[in-house]
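The values are calculated or read from the model by the stated rules, or taken from the named source; none is laboratory data. In this text the structure is predicted, and so the values were computed from the model without any measurement. A quick note on method: Cβ atoms are made from the backbone with ideal geometry, for glycine too, and the neighbour counts reach across all protein chains shown. For accessibility, only protein heavy atoms count, side chains too; no ligands or nucleic acids. Shrake-Rupley method; radii C 1.70, N 1.55, O 1.52, S 1.80 Å.
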Amino acid sequence: IIYKGSVFMNKEERLELAEILFPNITKTREYYEEMYPERNLEENAMVTRFGPSPTGFVHMGSLLVAFANKMYSKESNGTFFLRIEDTDQKRAVENGVEGIYNDLKAFNIIPDESPIVGGKYGPYIQSQRTEIYQTYVKDLIIKGLAYPCFMSEEEIANIREEQELAKIKIGIYGMYATDRDLSLEEIKEKLNNNCEYVIRLKSPGDSNKQVEIIDCIKGKLKFPEHDMDTVLLKKDGTPTYHLAHAIDDHLMHTTHVIRGDEWVSSLPLHIQLFEILGFKAPKYAHIAPLTKKENGNVRKLSKRKDPEAAVSYYKEEGVPAEAVKEYLLNIANSSFENWKKANPDKKIEDFDFQLNKMSVSGALFDMVKLLDIGKTVISKMTAEEVYEKAYTWAKEYDSELEEMLNDKEYSLKVFSIERGNAKPRKDISKWKEVKMQLFICMMIKFRNLI
């Protein structure tokens with residue numbers, strides 16, 4: 001379709017435009033293809049990643065996503081890596097990367113590669129990979145698959161208002177993509193006038209056609225083809241998440257993208273980007289959100305409303321990391337609970353984790369169930385293990401308990417009561433409860449002395 005006033009550029013003009021827009025980009029996409037070769041892994045090994053924003057806040061839904069990625073990659077002796085997706089710098093907080101890594105480490109969900117430990121496919125922070133993204137976008141300009149768009153925020157707002165009044169799809173597409181086919185001379189004139197611009201995808205999609213995608217959790221999904229001229233590079237030359245994730249997952253050889261449900265609607269765009277960039281798309285799996293019952297209704301677990309949504313809550317309360325992970329597997333795979341009963345002494349890492357057994361609609365978060373698992377986990381520990389873990393927790397979170405535990409001999413006697421037999425005691429669900437137990441025992445001892 002050629003809109004009024006548009007002129008298609010020939011290859012020589014596109015080459016000239018690419019050099020005008022990206023004069024400092026001298027490398028080619030072939031350079032990066034050689035720089036990031038196929039991984040040296042076993043056949044059919046899976047490569048997964050956890051890609052959070054550096055907000056410094058890991059919530060339970062994110063922990064479930066990270067844990068699923070870790071478990072799935074290890075099924076095939078594959079690789080699990082951490083990539084910080086900081087394309088939205090407004091969300092970044094100081095020490096956010098370290099905070100995320102430490103939260104994962106606290107639950108022994110340790111990535112094989114990350115910004116902290118490095119790896120052959122880094123940098124693992126997207127803001128440090130801008131030159132790579134611009135190289136691929138320069139190539140898209142040369143091929144006529146992307147273009148500079150000079151539309152102002154006011155013009156875009158007016159278009160949106162017009163579309164809302166007409167009750168049609170919101171966005172820059174079709175007749176609303178007014179800069180899609182500007183001539184080289186028109187672009188030069190705007191650049192000479194210092195007009196700001198973004199780089200948009202020249203989408204080949206037709207919303208009257210459908211694209212079919214197989215999700216590893218949800219099964220077969222159908223969507224209208226993506227036909228929006230989505231922004232690829234912002235005005236400052238940094239990428240949008242959509243572009244960055246496609247290029248990174250290709251170069252880092254991600255085989256499975258396991259992520260939250262909120263990205264399902266972006267699937268048509270992401271699949272289209274892989275096709276346009278000439279990449280093989282990874283397999284996608286979208287995990288439904290954790291939910292909570294409130295006043296008879298079910299809603300998403302909220303990091304704003306629910307303190308238990310933050311993984312820091314479990315560290316502060318002293319819920320054993322093993323209990324949290326075991327609970328996550330309970331809600332992730334329905335067969336885990338029976339497997340655990342049949343294999344009480346096996347590690348949870350021995351469980352055959354399957355994506356297609358994850359809930360399509362989401363799991364109801366049950367704190368009572370989690371704490372009950374905590375009791376079972378702690379009941380299997382020796383008195384020495386209980387002491388060491390409780391003491392480690394107390395040193396960070398409870399100085400009064402730390403002082404009580406300084407009497408190690410007495411503490412071990414308390415923790416040894418009804419421990420190690422066929423039916424061990426199950427009265428501690430988290431390390432925070434140890435203080436009360438010690439206090440009660442001390443009171444009894446004091447009364448007996450009187």
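Below are the figures for this structure:
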| quantity | calculated |
| --- | --- |
| Any pair with Cβ under 8 angstrom, 6 or more apart, that starts in segment 307-318 at a residue that is within 20 Å of L401 (Cα to Cα) and open to solvent by 10 Å² or more (accessible area, probe 1.4 Å) and ends at one that is basic (K, R) and part of a helix (DSSP H, G or I) | E317/K432 |
| Residue match in segment 221-231 (condition: under 19 Å from I331 (Cα atoms), assigned to a strand (DSSP E or B) and either among the aromatic types (F, W, Y) or at pLDDT below 95 (or both)) | no |
| Any hit, segment 335-355, residues being surrounded by 13 or more Cβ atoms within 10 Å (Cβ to Cβ), of a type in the set (G, A, S) and in contact with a strand residue (DSSP E or B) (Cβ under 8 Å, 6 or more places away or on another chain) | no |
| Number of positions in segment 130-154 that are surrounded by 14 or more Cβ atoms within 10 Å (Cβ to Cβ) and in a helix (DSSP H, G or I) | 13 |
| Residue in segment 149-162 that is aliphatic (A, V, I, L, M) and in contact with a strand residue (DSSP E or B) (Cβ under 7 Å, 6 or more places away or on another chain) present | no |
| Of all residues making up segment 75-91, the number that are touching a residue at least 60 places away in the same chain (Cβ under 8 Å), open to solvent by less than 40 Å² (accessible area, probe 1.4 Å) and either out of contact with any Phe, Trp or Tyr (no Cβ under 6 Å at 6 or more places or on another chain) or not β-branched (V, I, T) (or both) | 4 |
| Test: residue in segment 363-386 that is closer than 22 Å to P307 by Cβ, out of contact with any helix residue (DSSP H, G or I) (no Cβ under 6 Å at 6 or more places or on another chain), free of Cβ contacts under 8 Å to residues at least 40 places away in the same chain and not in a loop (DSSP other than H, G, I, E, B) | yes |
| Within segment 384-426, considering residues that are open to solvent by less than 40 Å² (accessible area, probe 1.4 Å) and within 37 Å of the chain's Cα centre (by Cα), the one farthest from C441 (Cα to Cα) | W393 |
| Selection status of K105, more than 22 Å from W263 (Cα to Cα) and out of contact with any His (no Cβ under 9 Å at 6 or more places or on another chain) | yes |
| Scope segment 240-264; condition in contact with a strand residue (DSSP E or B) (Cβ under 8 Å, 6 or more places away or on another chain) and either free of Cβ contacts under 8 Å to residues at least 60 places away in the same chain or more than 19 Å from F50 (Cα to Cα) (or both); matching residues | H242, W263, V264 |
| Members of segment 107-129 found to be in contact with a Lys or Arg (Cβ under 6 Å, 6 or more places away or on another chain) and in a helix (DSSP H, G or I), listed by number | none |
| Residue match in segment 181-192 (condition: outside any loop (DSSP other than H, G, I, E, B), over 30 Å from I20 (Cα atoms) and either aliphatic (A, V, I, L, M) or within 28 Å of the chain's Cα centre (by Cα) (or both)) | no |
| Selected residue (only one of G374, G362 is out of contact with any strand residue (DSSP E or B) (no Cβ under 8 Å at 6 or more places or on another chain) and within 21 Å of M60 (Cα to Cα)) | G374 |
| Segment 206-220: number of residues that are open to solvent by 20 Å² or more (accessible area, probe 1.4 Å) and not in a strand (DSSP E or B) | 6 |
| Residue check for I172: within 21 Å of the chain's Cα centre (by Cα), surrounded by 13 or more Cβ atoms within 10 Å (Cβ to Cβ), at negative phi and among the β-branched types (V, I, T) | no |
| Flag for K120 being of a type in the set (K, R), at pLDDT 95 or above, open to solvent by 40 Å² or more (accessible area, probe 1.4 Å) and over 18 Å from K315 (Cβ atoms) | yes |
| Matching residues in segment 266-288 - criterion: being surrounded by fewer than 18 Cβ atoms within 10 Å (Cβ to Cβ) and either at pLDDT below 95 or among the acidic types (D, E) (or both) | E275 |
| Any chance L191 is among the hydrophobic types (A, V, I, L, M, F, W, C), buried (at least 19 other Cβ atoms within 10 Å of the Cβ) and over 30 Å from Y72 (Cβ atoms) | no |
| Filtered residues of segment 402-446 (kept if in a loop (DSSP other than H, G, I, E, B), modelled with pLDDT under 90 and of a type outside the set (K, R)) | I417, E418, G420, N421, A422, P424, D427 |
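Residue-wise test of (1) open to solvent by 30 Å² or more (accessible area, probe 1.4 Å); (2) acidic (D, E); (3) closer than 14 Å to Y101 by Cβ.
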| site | (1), (2), (3) |
| --- | --- |
| Y31 | yes, no, no |
| P52 | no, no, yes |
| T55 | yes, no, yes |
| S73 | no, no, no |
